[in-house]
Amino acid sequence: MGQDISIEAQRFKMVREGLGKTQAEFAQMLDAGSSTADIERGKKKITGKIVTELLRQFNINPLWLYGNSYNKHLETSQSTAPKIITMDVSERENMIMVPIKASAGYANNLQDTDWFNELPAFNIPLPQYREGSYRAFQVKGDSMLPVLQPNEWVMGRAVESLRQANDGKIHVVVTSDTVVVKKLRKDSQERVMLISLNNEYPIIEQDVAEISELWEVNSKLSFDLDVHEGQEAMISLKQGLDSLRDEIASIKKGT
């Protein structure tokens, strides 16, 4: 019977028992009704509000709760993991989409479950998205040209702390008042450099303490199928090299 209960229900029960609380006491603490019995039996889903309260009151890592991390606890002042995740009807984690218009309010609504539930969400059934939590952000502006075009979408994997962030990779960086897509370079434990690929933009010095979430970009979704000037030059160069290689091979055959 225990095998039929979801991992989040099992871990929810582990948290309660670890705190030495009864089902009624725990429900009252989380504002989850009169008892947590139905949640622990798998008959009632864990809401985003409950996940938020577990994080706020007990530093329970949402990724651990759903089986996507080995780290049970988070230090919220230093954590860059997502504060809210949403699930589909099959209890799979959604990939929430954050369009440009929503990114302006994203940083101010990191723990507002209702706000997140209004954003579009989807799942990608590919192995590249099976491990960890993913979120999609729409690219604003041309600071990441030529790799990322304006209005393209990037998919990022949640990074739980700056220590786990891969130096030199493109990340979506969420601070207290903005969301940016930049190449991240670790400068010290207190500061990172946010670098645009477009040289017309200056390097941003960002205090680590102000970073709320980090998402390492691993893919993008584009609707721009035109060949851009830089790409056209590379294609022309490759074609020239291929032609030269063929000519050399032909000369060798004739000798």
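The values are calculated or read from the model by the stated rules, or taken from the named source; none is laboratory data. Everything numeric in this text was worked out from a predicted model, so none of it was measured. Please note: Cβ atoms are built from the backbone with ideal geometry, for glycine as well, and neighbour counts cover all protein chains shown. Accessible surface areas use protein heavy atoms only, side chains included; no ligands, DNA or RNA. Shrake-Rupley method; radii C 1.70, N 1.55, O 1.52, S 1.80 Å.
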Excluding same-chain residues fewer than 8 positions from Lys140, which lysines have a Cα within less than 16 Å of its Cα?
-> Lys101, Lys182, Lys183, Lys220
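Per residue, how much accessible surface does the chain expose to a 1.4 Å probe? Answer in Å², no decimals. Mind dumping the intermediate values first?
Details: 15020 Å² over 255 residues.
Spelled out: the 1.4 Å probe surface of the chain, per residue, equals 59 Å².
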Assign unit charges at the C-beta atoms only (+1 for Lys and Arg, -1 for Asp and Glu), then state the dipole size of the chain relative to its Cα centre in Debye, rounded to the nearest 20.
-> 720
Between Gln78 and residues 5 or more places away or on another chain, which pairs have amide H atoms under 5 Å apart, with H built 1.01 Å from N, and which residues are they?
-> none
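Relative contact order for the chain: what percent, with Cα pairs under 8 Å and sequence separation of 6 or more?
On the way: 399 pairs, mean separation 35.9, N = 255.
Once normalised by length, the contact order is 14 percent.
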In straight Cα distance, which aspartates and glutamates are under 17 Å from Lys45, not counting same-chain residues fewer than 8 positions off?
-> Asp4, Glu8, Asp31, Glu53, Asp88, Glu91, Glu93, Asp114
Burial ranking of peptide ranges 47-57, 211-221 (average Cβ count within 10 Å, highest at the top) = 211-221, 47-57
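Using 0.36 nm per residue of separation minus the Cα-Cα distance, give me the extension gain between Tyr201 and Thr178 in nm, one decimal.
Values: separation 23, 0.36 × 23 = 8.28 nm, distance 1.66 nm.
6.6 nm is the gain from fully extending Tyr201 to Thr178.
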Cα→Cβ-extended label distance, 7 Å offset, between Lys101 and Ser219, nm | 2.7
Counting only DSSP beta bridges with both partners in the chain, the antiparallel fraction in percent, to the nearest 5, comes to 90
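What is segment 48-101's relative contact order, in percent, from Cα pairs under 8 angstrom and six or more apart in sequence?
29
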Candidates Lys183, Lys44, Lys13: whichever shows maximal mean-square fluctuation once the chain is modelled as a Gaussian network with Cα springs under 10 Å | Lys44
Taking θ as phi - 60°, what are the ³J(HN,Hα) couplings along segment 116-125 by the Karplus curve (6.51, -1.76, 1.60), each to the nearest whole Hz, with x for Gly and Pro?
-> 5, 5, 7, 7, x, 8, 7, 10, 10, x
Can you figure out the FRET efficiency of Ser34 with Leu110, using R₀ = 25 Å and their beta-carbon distance, to the nearest 0.05?
-> 0.25
Rounded to a whole %, the carbon-and-sulfur portion of the accessible area of segment 1-134 at a 1.4 Å probe is 47
Pick out, in residue order, every one of the chymotrypsin sites (Phe, Trp or Tyr not before Pro) in segment 1-87 that is DSSP loop and has at most 16 other C-beta atoms within 10 Å; say none if there are none.
-> Tyr70
Starting from the Cα of Glu190, step 7 Å along the direction of its Cβ; do the same at Ala209; then give the gap between the two resulting points in nm.
-> 0.9
GNM flexibility winner over the chain from Ile195, Ile85, Ile204 (Cα, springs under 10 Å) | Ile204
Around Asn199, with a cut-off of 13 angstrom between Cβ atoms, what is the net charge of the other residues, counting Lys and Arg +1 and Asp and Glu -1?
-> -1
